[in-house]
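Chemist: Dropping a structure here in structure tokens format, bear with me for questions.
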Amino acid sequence: MINLYRVADNQLIGSISPADLQVLIDVLEEESSEDRDYYIDAPTLDLLADGGASEAVLNMLRLALGTSEGIDVRWADRE
């Protein structure tokens with residue numbers, strides 16, 4: 001499993017499967033091959049949904065986004 005964190009406060013958002021991580025990697029822009037963070041906003045959620053993200057990860061990100069315009073999230077392998 002993979003953990004997702006909100007970058008601003010390093011708060012754990014939740015855990016996702018390797019398949020959901022692959023959707024994030026495939027759909028979202030990475031600045032380098034070692035990039036592990038993404039900017040998430042409402043349009044990004046739509047892109048992820050169109051790209052095949054699971055309802056579980058979409059709901060997790062919606063909850064984390066809340067009323068914010070956007071948030072930065074990062075992923076890390078669960079230790």
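Chemist: Which of the residues spanning the range 33-48 are hydroxyl-bearing (S, T, Y) and open to solvent by 60 Å² or more (accessible area, probe 1.4 Å)?
Modeler: Initially, the range 33-48 is screened for residues hydroxyl-bearing (S, T, Y), giving 33, 38-39, 44.
Of everything in the range 33-48, those that are hydroxyl-bearing (S, T, Y) and open to solvent by 60 Å² or more (accessible area, probe 1.4 Å) turn out to be S33, Y39.
Chemist: Looking at the range 1-20, I want the residues that are farther than 11 Å from L61 by Cα and have a partner that is in a helix (DSSP H, G or I) with Cβ atoms under 6 Å, at least 6 apart or on another chain. Which pairs are those?
Modeler: I2/L21; D20/V57
Chemist: Determine which single condition L61 fails, assuming it passes every other condition in (1) touching a Lys or Arg at 6+ places or on another chain (Cβ under 8 Å); (2) surrounded by 15 or more Cβ atoms within 10 Å (Cβ to Cβ); (3) not polar (S, T, N, Q).
Modeler: (1)
Chemist: Another question about this same structure. Is it true that R62 is under 20 Å from R78 (Cβ atoms) and of a type in the set (K, R)? So that I can check it myself, show each step before the final result.
Modeler: Details: under 20 Å from R78 (Cβ atoms): no; of a type in the set (K, R): yes.
In short, no.
Chemist: Test G51 against the stated conditions and say whether it is over 16 Å from D77 (Cα atoms), of a type in the set (G, A, S) and open to solvent by less than 50 Å² (accessible area, probe 1.4 Å). So that I can check it myself, show each step before the final result.
Modeler: Working: over 16 Å from D77 (Cα atoms): yes; of a type in the set (G, A, S): yes; open to solvent by less than 50 Å² (accessible area, probe 1.4 Å): yes.
Answer is yes for this residue.
Chemist: Moving to a separate point now. Out of R78, R36, R62, report the one residue that is out of contact with any Cys (no Cβ under 8 Å at 6 or more places or on another chain) and touching a residue at least 60 places away in the same chain (Cβ under 8 Å). Full working, then the answer.
Modeler: Numbers: R36 fails: touching a residue at least 60 places away in the same chain (Cβ under 8 Å); R62 fails: touching a residue at least 60 places away in the same chain (Cβ under 8 Å).
It is R78.
Chemist: Continuing with the same structure: Going by what's in this entry, would S15 be described as open to solvent by 50 Å² or more (accessible area, probe 1.4 Å), more than 19 Å from G70 (Cα to Cα) and not in a helix (DSSP H, G or I)?
Modeler: On the way: open to solvent by 50 Å² or more (accessible area, probe 1.4 Å): no; more than 19 Å from G70 (Cα to Cα): yes; not in a helix (DSSP H, G or I): yes.
Taking the combined requirement at face value, the residue does not satisfy it.
Chemist: Condition check: within 13 Å of R6 (Cα to Cα), touching a residue at least 60 places away in the same chain (Cβ under 8 Å), crowded, with 17+ Cβ neighbours inside 10 Å and touching a Leu at 6+ places or on another chain (Cβ under 9 Å). Does I71 satisfy that? Don't jump to the end; show me each part of the working.
Modeler: Values: within 13 Å of R6 (Cα to Cα): yes; touching a residue at least 60 places away in the same chain (Cβ under 8 Å): yes; crowded, with 17+ Cβ neighbours inside 10 Å: yes; touching a Leu at 6+ places or on another chain (Cβ under 9 Å): yes.
Yes: the conditions hold for I71.
The values are calculated or read from the model by the stated rules, or taken from the named source; none is laboratory data. What you see is a predicted model, and the numbers here were worked out from it, not measured in a lab. For neighbour counting, all protein chains shown are included, and Cβ atoms are generated from backbone atoms with ideal geometry for every residue, glycine included. Calculation scope for accessible area: heavy atoms of the full protein, side chains included, ligands and nucleic acids excluded. Shrake-Rupley method; radii C 1.70, N 1.55, O 1.52, S 1.80 Å.
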